[in-house]
1. Taking the condition modelled with pLDDT of 95 or more, small (Gly, Ala, Ser), within 15 Å of the chain's Cα centre (by Cα) and open to solvent by less than 70 Å² (accessible area, probe 1.4 Å), does Ala56 pass?
2. Could we say that Arg15 is of a type in the set (D, E, K, R), more than 13 Å from the chain's Cα centre (by Cα) and open to solvent by 40 Å² or more (accessible area, probe 1.4 Å) here?
3. Determine which single condition Gln38 fails, assuming it passes every other condition in (1) closer than 16 Å to Arg10 by Cβ; (2) under 8 Å from the mean Cα position of the chain (by Cα); (3) of a type in the set (S, T, N, Q).
4. Identify the single condition in (1) at pLDDT below 95; (2) open to solvent by 70 Å² or more (accessible area, probe 1.4 Å); (3) part of a loop (DSSP other than H, G, I, E, B) that Ala50 does not satisfy, given that it satisfies every other one.
5. List the number of the failed condition for Val30; all other conditions in (1) in contact with a Pro (Cβ under 6 Å, 6 or more places away or on another chain); (2) assigned to a loop (DSSP other than H, G, I, E, B) hold.
6. Considering the range 59-68 alone, what residues qualify as being modelled with pLDDT of 95 or more and open to solvent by 80 Å² or more (accessible area, probe 1.4 Å)?
7. Taking only the range 33-44 into account, find how many residues are assigned to a loop (DSSP other than H, G, I, E, B) and in contact (Cβ under 8 Å) with a residue 12 or more places away in the chain.
Amino acid sequence: MNLFEGHGNREAKIRYLDGDFQILSPGSYVVCAMTGKQVPLDELRYWSVARQEPYADVMSSLEADKRAGVLPNQRR
């Protein structure tokens, strides 16, 4: 049985870790914190451990870091 089978089309609850994530509540997707797009768990590659947020792609992740003021060259 596939890890993602049997959980229907509902949002998963995830704890985001360094280089990995832990599924707290089963589901088939998470919602990007920047775009609102559903991201299937098997396609989830970008998230923030500090903010505990998933992102649909690298550009969404970069924009979230800009908004949070955490980029190295960014003034706070």
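1. When the stated conditions are applied, Ala56 passes them.
2. no
3. Here Gln38 clears every test but (2).
4. (1)
5. In the conditions (1) in contact with a Pro (Cβ under 6 Å, 6 or more places away or on another chain); (2) assigned to a loop (DSSP other than H, G, I, E, B), Val30 misses (2) alone.
6. The one that is modelled with pLDDT of 95 or more and open to solvent by 80 Å² or more (accessible area, probe 1.4 Å): Met59.
7. Count: 5.
The values are calculated or read from the model by the stated rules, or taken from the named source; none is laboratory data. It should be emphasised that the depicted structure is a prediction, and the values quoted were computed from it without experimental measurement. Every residue, glycine among them, receives a Cβ derived from its backbone with ideal geometry; neighbour counts consider all protein chains shown. Heads up: the accessible areas ignore ligands, DNA and RNA and are worked out on the full protein's heavy atoms, side chains in. Shrake-Rupley method; radii C 1.70, N 1.55, O 1.52, S 1.80 Å.
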